[in-house]
Amino acid sequence: MNTLLKKSVNFNIESNFRGIFLENESLKDKTTFKIGGNATFFAQPKDEKSLLYLLKVAKENSVPVFILGGGSNLVISDDGIDALVISTLDLNFCKLKSDTLSCGAGCTIKSITEFCINNSISGLENFAGLPGSCGGAVFMNARCYDISVSDVLKSVKYIDFSDLTLKEYIFDSKDWDYKKSPFQSGDKFIVEVNFKVRKGRKNDIFDKAESYITDRELKGHFKYPSAGSVFKNNRSFGKPSGKIIDEVGLRGFSVGDAQVAPWHGNFIINTGSATAMDVKKLVEHIQKNVQEKTGFLLECEIIFTDSLSEK
Ligand SMILES: Cc1cc2nc3c(=O)[nH]c(=O)nc-3n(C[C@H](O)[C@H](O)[C@H](O)COP(=O)(O)OP(=O)(O)OC[C@H]3O[C@@H](n4cnc5c(N)ncnc54)[C@H](O)[C@@H]3O)c2cc1C
């Protein structure tokens with residue numbers, strides 16, 4: 001691991017780049033699970049020009065790129081990520097143009113929800129309380145309280161890794177499904193998301209958003225570090241994955257400091273210093289037990305970075 005450091009690529013960031021650029025940077029605290037090793041290179045560009053510059057140098061030097069949003073759906077490998085990890089969090093503008101809300105990919109869902117409340121914009125309330133960035137939510141096609149991102153999406157601006165040009169994707173329903181987006185092919189860097197919205201009453205928007213946040217708090221979403229639901233739900237199984245895991249008696253089961261939340265079968269929590277390996281072993285244990293007892297193979301929703309190939 002971390003062999004790229006030995007390559008000593010010169011990103012020459014002084015003249016061409018605005019933002020943060022670090023070597024051998026810890027990623028643990030940049031995720032909601034608080035798990036993972038270091039990034040060989042870590043950058044947080046402040047604008048699109050700096051992002052394009054980084055991508056160009058990475059491509060010229062065959063340095064793989066990994067895109068980090070809010071880190072709320074990730075299990076970063078204990079060995080870290082031997083790549084240029086680019087955080088989107090400073091690409092975070094938010095502006096309204098009639099019935100379209102345009103957000104930089106790094107805008108957190110929290111900041112978007114607050115912007116919507118302050119400006120009486122309705123349409124995105126169901127996502128209040130969802131951790132992470134809007135780029136990550138589009139990539140994952142996040143789903144909250146019966147609404148998926150694909151239900152409120154108009155278009156997406158992205159950088160195509162093949163030729164490093166800026167392109168626009170116009171929403172087409174046939175490209176989307178439950179927790180599936182056309183961005184999961186991994187060859188696009190989302191830079192801007194355009195949501196369809198409408199004018200609403202400020203108090204109604206606030207009340208609705210608050211009710212979802214409170215519901216998440218009551219369900220124990222934020223009690224311990226986690227990456228949210230571990231497994232996707234599969235309609236053909238007839239019940240949610242969390243219920244299936246409860247019924248096979250795995251609530252509270254742990255491997256190291258990774259534990260199936262005692263109050264929620266589909267959450268794995270980090271009770272102290274869990275490693276990615278603990279989480280992996282626990283996931284495999286759950287899948288094996290559930291399959292033996294029910295015949296169902298649960299599909300992971302959380303992403304293990306060691307099973308990805310970086311761009
Ligand atoms: C307490 C808790 C509750 C949760 N509740 C829900 C829920 O109700 N519904 C739900 O669907 N999910 C839920 N999640 C999971 C998670 O919050 C979502 O999947 C979220 O949308 C991920 O966004 P992120 O910015 O954190 O992405 P990250 O975790 O940073 O990244 C996820 C993936 O997206 C890619 N990516 C991120 N940004 C970009 C970009 N700009 N361009 C291209 N690729 C990109 C990354 O490379 C990675 O492969 C929950 C998580 C937690 C911790």
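Bear in mind that the values in this text are calculations on the coordinates, not laboratory data. It should be emphasised that the depicted structure is a prediction, and the values quoted were computed from it without experimental measurement. Using ideal geometry, Cβ is built from the backbone for each residue, glycine included, and neighbour counts are taken over all protein chains shown.
For the chain, the spread of Cα coordinates along the three principal axes comes to 58, 53, 34 Å, biggest extent given first.
Relative contact order for the range 222-307: what is it in percent, counting Cα pairs under 8 Å that are at least 6 residues apart? Kindly include the intermediate steps, with their values, before the conclusion.
Numbers: 130 pairs, mean separation 27.8, N = 86.
The normalised contact order for the range 222-307 reaches 32 percent.
Summed over all non-identical Cα pairs, the Kirkwood treatment of the range 94-217 gives a radius of 14.6 Å.
The listed peptides 44-56, 196-208, ordered by packing as a protection proxy, come out as 44-56, 196-208 (highest mean of other Cβ atoms within 10 Å first). Length gained on full extension, SER26 to SER98: 21.8 nm, using 0.36 nm per residue less the C-alpha separation.
If R0 equals 25 Å, the separation of the Cβ atoms of ASP257 and ASN289 corresponds to a calculated FRET efficiency of about 0.80. Here the simple spin-label model places points 7 Å from the Cα toward Cβ, and for SER162 and SER111 these points are separated by 3.2 nm.
Counting each DSSP H run of 4 or more residues in the chain as -39500 (n - 2.57), what helix-only mean residue ellipticity at 222 nm follows after dividing by all residues, to the nearest 500 deg cm²/dmol?
Per the formula, -7500 deg cm²/dmol.
If the elastic network links every pair of Cα atoms under 10 Å, which of GLY272, GLY106, GLY132 fluctuates the most in the Gaussian network model of the chain? Of the options given, GLY272 has the highest mean-square fluctuation.
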